[in-house]
Amino acid sequence: MIVAGPIFDEDEDGQPDLEDDVSRIQFEEQVAQPTHFFKIVVDERSDGTLDSISFLLPHNFSSVGQSRRHLERNIGTIDEIEAVTGYDFFPDMEDAMEDELESSKADRYWRR
């Protein structure tokens, strides 16, 4: 499973910005401009074990550099993403499994 979306955290306090604090850019209408993007990847092994890797990616091109280093520098946890988005991604998961999955941080991205 893959979940991805925008983050609005202009002051970088790790909490979602209020609607009035979100930067906007002009197209045909005012459009909210994310400060970051997130991506969560969850993989279920054949034995039912879940692996995850999550990224909190700044929305600016100057921070990209080499893509592998950029990704590795921005690995986060699902808990961090939930805090900054205000979402609960796995509310129906058994609590102990959810806590373990959401608090673990991959030390590198997967190679398969």
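The values are calculated or read from the model by the stated rules, or taken from the named source; none is laboratory data. All figures in this text were calculated on a predicted structure; none of them were measured in a lab. Cβ atoms come from the backbone with ideal geometry, glycine included; neighbour counts cover every protein chain shown.
Set side by side, the residues G76, G14, G48, G65 differ, and just one is on the phi > 0 side of the Ramachandran plot and at pLDDT 85 or above, which is G48. Please go through the stretch 94-107 and pick out each residue that is more than 14 Å from D43 (Cα to Cα) and touching a helix residue (DSSP H, G or I) at 6+ places or on another chain (Cβ under 7 Å). Hit for the stretch 94-107 is S103, nothing else.
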